[in-house]
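The values are calculated or read from the model by the stated rules, or taken from the named source; none is laboratory data. What you see is a predicted model; the values in this text were computed from it and never measured. Don't worry about glycine lacking a Cβ; one is built from the backbone with ideal geometry, like all the others, and counts go over all protein chains shown.
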């Protein structure tokens, strides 16, 4: 075969790149980017060598990634015992959703939030992005457009009747109101949506970010929602979408990423084909003529790793493309400060 995708472990992919490996450098921030006109792809892939104490859950938070996002990008790696010196791909390159680029965009399929603030006085545009936890099967987060209509700090949780009933049936009754504090699942910051009953909030269980764990609300790491709470004004539009397939131009490369569709919505292979066709028709000035290798597209779709990969028939093989990701040090790339959090944590 001309290429072997990530059914192989990333360990073998990086070893295949040869013995010469550059010295680790500081990681590139993966949560905020300046946007050029027409830009589709932000960030860059990176990789890290795990230490004996690392888990993928710890590394996900350090690099502002969701748990499933990181695990899926590293097939064959034990998420709880990756082992000393294992090469871990950091999927810190993102194809922007094909939708409105104003306010908050929440892509349920990728379990990732994008915030497009209003351009500044000089016309400069930015995008912020963070992983999210979403509603589990049976409690799906709804699709649609709404707005942020209120903000709160240290909120009380007024438990919905449906959640009270579920916990009572499981022999784990909840009070009708959970006050602010370490037992409050909303965390310390909330953005209330005009969509009744739904919130964007923090959590007292950060390892659930990047998973389907909620009763329909959107969860963020505590440090991420604290930053968004300051950035996002009331009245901000919110678009909740479901796009498992994404395509865009990264320099002269047409790249495509696919995730396994949500269980209750399924995927549409035709939508992936149409998406790539639109990108070909809207190629940026100076982009080369591209003939798409539809076999690559099919494999990327089938594997659903979520990592942007080139799909032109003369592109580098996937293993070579991934091995180009620079080796970085284990340093926080966003707002997370593990040492400060450990220092401030209560005893016991």
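Couple of notes before you dig in:
- Test: residue in region 253-270 that is in the same structural domain as residue 310 (by TED's automatic domain parsing) and part of a helix (DSSP H, G or I): yes
- Qualifying positions in region 200-230 - at positive phi and touching a helix residue (DSSP H, G or I) at 6+ places or on another chain (Cβ under 9 Å): 210
- Checking each residue in region 206-224 for being outside any strand (DSSP E or B) and under 19 Å from residue 166 (Cα atoms) picks out 215, 216, 217.
- Those residues of region 215-242 which are touching a residue at least 12 places away in the same chain (Cβ under 8 Å), surrounded by fewer than 19 Cβ atoms within 10 Å (Cβ to Cβ) and more than 19 Å from residue 198 (Cβ to Cβ), in sequence order: 226, 231
- Looking only at region 174-199, residues that are without any contact (Cβ under 8 Å) to a residue 40 or more places away in the chain and in contact with a helix residue (DSSP H, G or I) (Cβ under 6 Å, 6 or more places away or on another chain) come to 2 in all.
- Qualifying residue in region 108-129 (condition: more than 19 Å from residue 238 (Cβ to Cβ) and crowded, with 21+ Cβ neighbours inside 10 Å): no
- Residue match in region 155-162 (condition: farther than 23 Å from residue 63 by Cα, in contact with a strand residue (DSSP E or B) (Cβ under 9 Å, 6 or more places away or on another chain) and not in a loop (DSSP other than H, G, I, E, B)): yes
- Subset of region 289-302 that is crowded, with 17+ Cβ neighbours inside 10 Å and touching a helix residue (DSSP H, G or I) at 6+ places or on another chain (Cβ under 9 Å) - its residue that is modelled with the lowest pLDDT: 290
- Count of residues meeting criterion [touching a helix residue (DSSP H, G or I) at 6+ places or on another chain (Cβ under 7 Å) and modelled with pLDDT of 90 or more] in region 320-348: 3
- Scoring residue 85 on the criteria (1) in contact with a strand residue (DSSP E or B) (Cβ under 9 Å, 6 or more places away or on another chain); (2) surrounded by fewer than 21 Cβ atoms within 10 Å (Cβ to Cβ); (3) free of Cβ contacts under 8 Å to residues at least 40 places away in the same chain; (4) not assigned by TED's automatic domain parsing to the domain that holds residue 260 leaves a single failure, condition (4).
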